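Input: a single structure, listed below in structure tokens.
The values are calculated or read from the model by the stated rules, or taken from the named source; none is laboratory data. Owing to the predicted nature of the structure, the values given are computational and were not obtained by experimental measurement. Cβ placement follows ideal geometry from the backbone for every residue including glycine, while neighbour counts extend to all protein chains displayed. All accessible areas refer to the heavy atoms of the entire protein, side chains included, with ligands and DNA or RNA removed. Shrake-Rupley method; radii C 1.70, N 1.55, O 1.52, S 1.80 Å.
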Amino acid sequence: MSERQALTRGIRRWLVFFIVCLVLSGLTAFPLVTELRWTEDLLSASASPVPEHFPGLMEWITRVREGLDTIDREQPFMLYGTDWLAFAHLVIAVAFYGPYRDPVRNIWVIEFGMIACAGIIPLALICGPIRGIPFWWSVIDMSFGVFGVIPLLTVRRMIKRLEVLERAATVANPAAVPAGA
């Protein structure tokens, strides 16, 4: 296997991982009410150390579950916003098919994703306090940006190497077609 093929394969593996994470993140935004009920039940089970060792977490989960139950019961249209959040994750995941097909040409999608990951941090730091979100929960939210950028940085570095290889191949053989085309 050539270095170009190995890079392309590696890029695609990282992108599949990233796309799957985006899709799972999006799909979990649809059943929030049910998920919070399950989470609260799991964390408050007799075998769980959470109520004793992490009472703040338990109180927060209960508060969020109660809020979602109230919204679901009295104003269910408000949950439509989280449906749009879920849809946005799915749409963004589809955009990463472009770099999967042609990484060099579509590196801008990777860079867009990196900017979006960076944007999570100021969003959490600004909107979290405005909405009464505990700081430790905002840190969890910010971790999605930090951990999300890692595969994208890796993919971008690999695409840049692939770009150099494709350019060198084109210079050596002007009739050569780039691997992604």
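So in the range 125-137, with the set limited to residues that are of a type in the set (A, V, I, L, M) and assigned to a helix (DSSP H, G or I), which one is most open to solvent (accessible area, probe 1.4 Å)?
Per the stated criteria, the residue is ILE130.
Answer yes or no as to whether SER44 is open to solvent by 30 Å² or more (accessible area, probe 1.4 Å), touching a Pro at 6+ places or on another chain (Cβ under 9 Å) and free of Cβ contacts under 8 Å to residues at least 60 places away in the same chain. Answer is yes for this residue. Listed by position, the helices (runs of 4 or more DSSP H) contained in the range 35-124 that have at least 2 residues being under 18 Å from PHE144 (Cβ atoms) and under 21 Å from the mean Cα position of the chain (by Cα) are 80-95.
Taken together, GLU3, GLU35 contain a single residue that is over 30 Å from GLU166 (Cβ atoms) and of a type in the set (D, E, K, R), which is GLU35. The one condition from (1) open to solvent by 40 Å² or more (accessible area, probe 1.4 Å); (2) touching a residue at least 12 places away in the same chain (Cβ under 8 Å) that ILE110 does not meet is (1).
Given the structure, is ILE140 open to solvent by 60 Å² or more (accessible area, probe 1.4 Å), within 30 Å of THR62 (Cα to Cα) and part of a helix (DSSP H, G or I)? Yes.
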